[in-house]
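Scroll down for the structure; my scribbles are underneath it.
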Amino acid sequence: MEWLLLKKSKGQVFSADTLLGLLVFLFALSIVFFYTSQLFERQSSFFEELELKTQTFNALSSLVETKGFPSNWEFQNIPEIKAFGIASSPGIVDSAKLESFLQISQSDYDSVRKTLGLSKFNYRLSINDLNGESVAIAGSDAKGIFSFKASRLALLNNEAVLVSLEAFK
Amino acid sequence: MNSKAFVISFDAVLALLVVFAFLVASFSLISRVSDSGFNESFLQAFSFDSLKVLEASGKLQQAALENDSSGIDSFLNSLPYYYCARIDFFEQGSSVPSIIASKPNCRNVPSNSFLARRFFAVSINSEPVFYTAELKSWIAG
C-alpha cells in the first residue's frame, strides 16, 4: 500500500507540472535564441559596414595623397605595383598617373581592386569638377546591395576637383 | 509537494530574469557603439583638403586682398550638401574676423564642429600681410 502511494505521487510530479515547466522553458529558450541571433546579426553587419567604410577611405586617401609604390608605378607591370597613388604631392592629382590608373582599371579591374585593398568589394572612382561635370571615371558600373562613398578634394590641372571612391558589395 | 514545485519555479523565473537582463544590457551596449569616429576622420580630411585647395588655387589670397567672400562662398556652395563649413579670415593680431564665408544654410556653428586653420600671406602695397583662415566644419543635421 505504501509502495502504491509513493508510485502514485511520483506519477503526479511528471504530469502537469513537468509539462508546464517544459513549455515555459521552451518558450523562454526560443526568446533567448531569437534575441541572441539578432544580436549576432546586428554585430556582424556593423563590423562589415565598418570594414567597408575604413577600406574605402584608406584606399581613397592612398590614391589622392601618395604617388603609389613604386612611385613610378605607371611604367611598371601590374604584378610589380604594390600601391596605387595618383598624386604628384598630397592633394595634387598628376594627370599622367590618373590616365594610367584609368587604363589599368579598365584592363585589369580585379588586380586594381586587390591592390587598393578592396578585394571583397567592387569599386567605382569618379572625379568631378565643382560644377558637377565628370572629369574621369573608372571601375565597375554595377550596383551593390550596400555601398559607401568617400570623397576628397584635390587639385587637377590647378582646378579643384572632387575625387570620390564608392565601394559596394 | 506543492511548495517544492513553487521553489523550483521561482528559481527558474529568477534565472530567466538574469538572462533577460544580460540580453537587454548587451543590446543597449551594442546600440551605443557607433562609427561616429568615421565622420570625424572625414571632416578632418575634407577640411584640410578645402583649405589646401583654396590656398593653392589662390582663392584665399584673392578674398583677403579684395576683402570679398564671394569666391569662397561659391566654392563652399559647390561642396557636397552634407558638408557644412564656415571660414573666418583673421588679419594677424586681430581677433575680429575681417571676412566670413559660409554656405547659406550653414550659418550656426555647432559646438562639436571640427576646426582647421591655415596661415597665408598676401602682399599689400609691397608689404606682407599675414592672415589666418579658420575653417569650422560639421555634418549637416
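The simple spin-label model puts a point 7 Å past each Cα toward its Cβ; for residue A:99 and residue B:26 those points are separated by 5.8 nm. 3J(HN,Hα) along the range A:147-164, derived from phi through the Karplus expression 6.51 cos²θ - 1.76 cosθ + 1.60 where θ = phi - 60°, amounts to 9, 9, 10, 10, 10, 9, 9, 8, 10, 10, 6, 6, 10, 6, 9, 9, 9, 10 Hz, with x in place of Gly and Pro.
Which one of A:100, A:167, A:37 is farthest out on the positive end of the charge dipole of chain A, using unit charges on Cβ (Lys, Arg +1; Asp, Glu -1) and the Cα centre as origin? The residue sitting farthest along the positive end of the dipole is A:37. In this structure, the amide hydrogen of residue A:120, modeled 1.01 Å from its nitrogen in the peptide plane, lies closer than 5 angstrom to no residue at least 5 positions away or on a different chain. For the protein assembly as shown, the carbon plus sulfur part of the accessible surface works out to 58%, probe radius 1.4 Å.
With the simple model of a label 7 Å out from the Cα in the direction of the Cβ, residue B:67 to residue B:12 spans 8.5 nm.
Spacing of the modelled spin labels on residue A:36 and residue B:82, each 7 Å from Cα toward Cβ, amounts to 3.6 nm.
Looking at the range A:16-168, the accessible area is 54 square angstrom per residue; that uses a 1.4 Å probe and ignores ligands, DNA and RNA. Compute accessible area for the range A:82-116 by itself and then with all protein chains, 1.4 Å probe, and report residues whose area falls by 40 Å² or more. Residues passing the criterion (a loss of at least 40 Å², heavy atoms only) do not exist in the range A:82-116. The residue list B:78, B:120, B:93 was ranked by how far each Cα lies along the charge dipole of the range B:58-139 toward its positive end, using unit charges on Cβ atoms, and B:78 comes out on top.
On a 0 to 90 degree scale, rounded to 10, what angle separates helix B:36-56 from the longest Cα axis of chain B? The helix B:36-56 is inclined about 10 degrees to chain B. Summarising the overall dimensions of the range B:79-141 from its C-alpha atoms, the Rg and Dmax are 13.4, 45 angstrom. The C-alpha atoms of chain A define a longest principal axis, and helix A:95-107 lies at about 50 degrees to it.
Interface burial in the range B:43-60 reaches 30 Å² or more for B:45, B:46, B:49, B:52, B:53, B:56, comparing the full protein assembly with the chain by itself; accessible area from heavy atoms with a 1.4 Å probe.
In the complete set of protein chains, residue-level accessible area for residue A:30 is approximately 60 Å², probe 1.4 angstrom. Note that the protein assembly as shown carries a Kirkwood radius of 24.1 Å, evaluated over its alpha carbons pair by pair. Taking Cα centre as origin and charging only the Cβ of basic (Lys, Arg, +1) and acidic (Asp, Glu, -1) residues, the dipole magnitude of the protein assembly as shown rounds to 1340 debye. In a reduced charge model with +1 at each Lys and Arg Cβ and -1 at each Asp and Glu Cβ, chain A shows a dipole moment near 840 debye about its Cα centre.
Can you list which of the GluC sites (Glu not before Pro) found in the range A:91-169 are DSSP loop residues with at most 16 other C-beta atoms within 10 Å? Answer by residue number: A:133. Note on the range A:60-169: dipole from Cβ charges, positive end direction compared against A:62, A:155, A:136; the farthest Cα belongs to A:62.
Normalised by 2.2 N^0.38 Å, where N counts its residues, the alpha-carbon radius of gyration of the range B:23-141 equals 1.29.
The values are calculated or read from the model by the stated rules, or taken from the named source; none is laboratory data. All values reported here derive from a predicted model rather than from experimental measurement. No Cβ is skipped: glycine too gets one built from the backbone with ideal geometry, and neighbour counts run over all protein chains shown. Protein only, heavy atoms only, side chains kept; ligands, DNA and RNA dropped before computing areas. Shrake-Rupley method; radii C 1.70, N 1.55, O 1.52, S 1.80 Å.
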